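Here the structure comes first, spelled out in structure tokens, and everything after it is commentary.
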Amino acid sequence: MGRYEIATVVDAWFALDGGAMFGIVPRPLWEKKLAPDARNRIRLAARCLVAIDRDARRVILVDDGLGDKWDAKRSDIYGIDRSAGGLDAGLARLGLSREDVTDVLLTHLHFDHAGGTTRRGRDGRLELSFPRATYHLQRRSWLWAHAPSDRDAGSFLPDDFALLQHSNHLHLIDGDASPFPDVDLILSEGHTVGQQLPRFRGEGTHLVYCGDIIPTHAHLRPSWVMGYDLFPVTTVEEKKVLLAEVLEDEGVLVFEHDPLMAGCRLREEEGQPVFHEAVEL
Ligand SMILES: [Zn+2]
């Protein structure tokens, strides 16, 4: 896409309650698209995006997954499966290591998006997982993560991000000014405060990383919004704009959590953007 080579890497597989993933949508409708397990959970990916700009020697990682700081009890609750080797194995398949990552763009700080920001070193102390990288985050997202509401406090784990504060690796962004050429930041307020979604521009088309605004292909319909969202009506309106722009540009949507596909293209049906075909990245 333009100056960037784009790939996706799954850090981990995990599972969340199907009802929470689909909000007010009745189970008989959503279970046809993503079948739940015996505990009513849907299998999900923690899929990160890697964008390589060889000329600028820049390697951008978008979100960094669940990470590996999980005890047995929580691993069971969330059905965490890291048997494929996580980000290390995924980066290695691209010929990269953690040291090659120059920038980590975090959409927001929920534990399934920013959990890989830190890990425990040999001495057991937390360290930044990408030692050379600058971590880019919206300032409002950063502030919200430190004082969330009672409703969403469980989605933030301070061990994931507290270390950034005095690290000199944190770049807080105010608004949509992108730190990268040919990348727009789409600001989104429906799911959480200050989510940012990168849009990589090519010639006449684009690719957008959908974060938690369209987590899977089963969430393409604007009204199919997650129960987790703080402001679901806002999400509905934001999705309509994003989908219309992707349709117009014949662009690609990348799904952070889809268990079946990395992304898709859209087509128009009765005036609405609908699923067209899966895209592998
Ligand atoms: Zn989230």
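Before moving on, here are some points about what is shown:
- Computed log₁₀ I(q)/I(0) - Debye formula, equal Cα scatterers, no solvent, the chain, q 0.07, 0.16 Å⁻¹: -0.23, -1.36
- FRET efficiency, Asp37 to Arg93 (Cβ-Cβ, R0 22 Å, nearest 0.05): 0.20
- Sorting Tyr228, Tyr78, Tyr4 on solvent-accessible area from highest to lowest, probe radius 1.4 Å, gives Tyr228, Tyr78, Tyr4.
- Basic side chains Lys and Arg get +1 at the Cβ, acidic Asp and Glu get -1 at the Cβ, and with that the dipole of segment 31-89 about its Cα centre reaches some 200 debye.
- Listed by number, the DSSP H helices of the chain that run 24 Å or longer by alpha-carbon position along their axis and have mean Kyte hydropathy of at least -0.5 are 232-249.
- Spin-label model distance (nm) - His146 vs Arg54, 7 Å beyond Cα toward Cβ: 4.2
- Relative contact order (%) - the chain, alpha-carbon pairs under 8 angstrom, separation at least six: 18
- Accessible area per residue for segment 1-117, computed on protein heavy atoms with a 1.4 Å probe, is 42 Å².
- Net charge dipole size for the chain [Lys, Arg +1 and Asp, Glu -1 on Cβ; Debye, nearest 20]: 720
- With every protein chain in place, the chain: carbon and sulfur % of accessible area (1.4 Å): 49
- Counting only DSSP beta bridges whose two residues both lie in segment 109-248, roughly 75 percent are antiparallel.
- Cα centre as origin, Lys/Arg/Asp/Glu Cβ charges: segment 188-268 dipole, Debye: 120
- Lysines with Cα under 21 Å of Lys240, excluding same-chain neighbours fewer than 8 positions away: Lys33
The values are calculated or read from the model by the stated rules, or taken from the named source; none is laboratory data. Small disclaimer: the values here were computed from a predicted structure and weren't measured. FYI the Cβ positions are ideal-geometry reconstructions off the backbone, even for glycines, and counts take in every protein chain you see. Heavy atoms of the whole protein, side chains included, go into the accessibility calculation; ligands, DNA and RNA do not. Shrake-Rupley method; radii C 1.70, N 1.55, O 1.52, S 1.80 Å.
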